[in-house]
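The values are calculated or read from the model by the stated rules, or taken from the named source; none is laboratory data. Remember, it's a predicted structure, so these values are computed and weren't measured experimentally. Here the Cβ positions follow ideal geometry from the backbone for every residue, glycine too, while neighbour counts run over all protein chains shown. Quick note on the areas: whole protein, heavy atoms, side chains included, nothing else; ligands and nucleic acids left out. Shrake-Rupley method; radii C 1.70, N 1.55, O 1.52, S 1.80 Å.
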Amino acid sequence: QVQLVESGGGLVQAGGSLRLSCAASGFTFSQYAMSWYRQGLGMERELVAAVESAGDHNYADGVKGRFTISRDNPKNTVYLQMNSLKPEDTAVYYCSAESPRDSWFRKYRYWGQGTQVTVSS
């Protein structure tokens, strides 16, 4: 079955950096769009960054220029490099995989368990 396991979260001071990793298994990784979402306390889950199977990227406005998403297909892993972290980046960060459309034109989305990132001021 599909498994997404995040790692790399923790406590960091404002201005610091963290790199999140998401190890994927149970599906053909190279064919899936991969993304990172986050959910702050009392807030809705929001897209942080995404990378398509073809390599196209997109980022939330608040992280552009600070965060970089990348994927390593042979390792079935997606990363999120986070620099110049701010207290407002504090959240649980989730890895997500979105399937290609099936013969019924449906897509499926899978989620990891999440990893906590806390940025102190």
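Some points to look at:
- Neighbours by Cβ (under 6 Å, 6+ apart or cross-chain): first from region 93-107, without any contact (Cβ under 8 Å) to a residue 40 or more places away in the chain; second in a loop (DSSP other than H, G, I, E, B) and open to solvent by less than 40 Å² (accessible area, probe 1.4 Å): 107/99
- Within region 108-121, if we keep just the residues that are touching a residue at least 40 places away in the same chain (Cβ under 8 Å) and open to solvent by 60 Å² or more (accessible area, probe 1.4 Å), the residue that is nearest to residue 46 (Cα to Cα) turns out to be 111.
- Candidate set: region 91-100, residues that are more than 18 Å from residue 1 (Cα to Cα) and not aromatic (Phe, Trp, Tyr); chosen: the one farthest from the chain's Cα centre (by Cα): 91
- The test for being touching a Ser or Thr at 6+ places or on another chain (Cβ under 9 Å) and either open to solvent by 90 Å² or more (accessible area, probe 1.4 Å) or in contact (Cβ under 8 Å) with a residue 12 or more places away in the chain (or both) holds for residue 6.
- Residue pairs meeting the criteria (Cβ under 6 Å; at least 6 apart or on separate chains; first touching a residue at least 24 places away in the same chain (Cβ under 8 Å) and surrounded by 12 or more Cβ atoms within 10 Å (Cβ to Cβ), in region 46-58; second of a type in the set (Lys, Arg) and assigned to a strand (DSSP E or B)): 48/38; 51/71
- Considering residues of region 62-90 that are of a type in the set (D, E, K, R) and under 15 Å from the mean Cα position of the chain (by Cα) only, the residue most open to solvent (accessible area, probe 1.4 Å): 64
- Strands (runs of 3 or more DSSP E) completely within region 1-109 that count 3 or more residues being under 22 Å from residue 119 (Cα atoms): 3-7, 10-13, 18-25, 33-39, 46-51, 67-72, 77-82, 91-98
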